[in-house]
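The values are calculated or read from the model by the stated rules, or taken from the named source; none is laboratory data. Worth saying up front: this structure is predicted, and the values here are computed from it rather than measured. Every residue, glycine among them, receives a Cβ derived from its backbone with ideal geometry; neighbour counts consider all protein chains shown.
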Amino acid sequence: MPPKLIGPYRVMETLGSGGVGTVYRALDRRTNDPVALKLLSAGPALDTRAARRLAREYETLADLAHPNVVRVFDVGVFQGYPYLVMELIEGLTLRNYLDLRGAELLSPSGSFSSPRARALPDDSESWGDNEEDSDDEGGALPFNLAAFSEEEPSEVGFEAGPASVRALADAADEPDTGDPEDFDAGYEVPDPKVQLVERRIQEARTEDLNRPERMGRLKDAMLQVCEALAYIHGHGLVHRDLKPSNIMVDEDRQVRLMDFGLAKFLADDAGLTADGRMVGTFRYMSPEQILGEPLDARADLYSLGVILYELMTGRPPFDAKTPGSLWQQVLEVEPAPILGINLKGDPQLARVAHKLLRKEPDDRFQTAEEVYEALAE
């Protein structure tokens, strides 16, 4: 059972759980507004890296306001459990949204008829390439909150602010350290037979990918993502972890860019962490991100190109059995032509995707505004 109260927030129900925490629908008792509250595990199970990312996400987004960027409201520690409070977004990840057919989009009540995705992506996705758009709701909790349900709601142990989250992480662990070899541990080796079946299924799906109604939704969503990127880039931020599971679409078909736990200000060295560890999700990393070079907005645009390529072909531009092999392809190999995989794909969208995937940042679109204009042609 979840806790009844977390600071000023009344927990209503569980929205989803992941490797490091659980997301709840909650009510802010001060305003009576519904919110999404992500509660991390505590004690020996505390993921200190996730806790620091939680504080960073709050500090990154606290002063931002854009219709296509998720809003955050609060961060702190409740009885040893770090939490983040943000805008409640009930909808689907971008990939799941585009997988729906027209009849499935709306229920009689006007909301998505398909199961809703969790309001916050699982933090663990950012540290491996096996990126999935899971819509799991509820399920077994990764840590035991049963004791809280047996006690009367209490404010004891409640502390707000990003400093409290960092202090908890510092007390539980040394500052983040890591080894590039750690990335191999989370990389799933594809089965060749499974890959062959998937490719054959993909060939049969190209007609489904090109449904006019789906392509209209794809272009509209990409335009909204461009607006979100233009806004954050204009505020000196690089997202660094752009992928379909970090893009949500609500029942009004409004896109929200999510999960800014890896975001960096352009004034900082946005390539590596302080200890030299690479950050991001393997499949969506730009060449300069792989090389650990300082990043600018064009790294996010490369990731946008990977997303567009995937959504037009049903497969990633690069695929390999190991991270090293994947990175070698990203650095040295040109992706297969989209229109060679999807013969009836949209030529203009294909051109945009391929330009976004150029190896050299100078050869790509230079701003999200330029991408928007190209998509709108």
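Restricting Y302, Y309, Y284 to residues that are modelled with pLDDT of 90 or more, touching a Lys or Arg at 6+ places or on another chain (Cβ under 6 Å) and aromatic (F, W, Y) narrows the list to Y284.
Tell me, which residue of the stretch 53-68 that is touching a helix residue (DSSP H, G or I) at 6+ places or on another chain (Cβ under 7 Å) and buried (at least 22 other Cβ atoms within 10 Å of the Cβ) is farthest from M222 (Cα to Cα)? Filtering the stretch 53-68 for residues that are touching a helix residue (DSSP H, G or I) at 6+ places or on another chain (Cβ under 7 Å) and buried (at least 22 other Cβ atoms within 10 Å of the Cβ), the one farthest from M222 (Cα to Cα) comes out as A55. Counting only helices (runs of 4 or more DSSP H) that sit completely within the stretch 1-114, those holding 1 or more residues that are of a type in the set (G, A, S) and modelled with pLDDT under 90 correspond to 48-61, 102-105. Set side by side, the residues D363, D296 differ, and just one is under 23 Å from the mean Cα position of the chain (by Cα), assigned by TED's automatic domain parsing to the domain that holds M222 and of a type in the set (D, E), which is D296.
When the stretch 69-94 is filtered for residues that are closer than 24 Å to L308 by Cα and surrounded by fewer than 20 Cβ atoms within 10 Å (Cβ to Cβ), only E90 remains.
Quick one: which residue in D208, D259, D269 is modelled with pLDDT under 90 and assigned to a helix (DSSP H, G or I)?
Working: D259 fails: assigned to a helix (DSSP H, G or I); D269 fails: assigned to a helix (DSSP H, G or I).
None of the others qualify; the one that does is D208.
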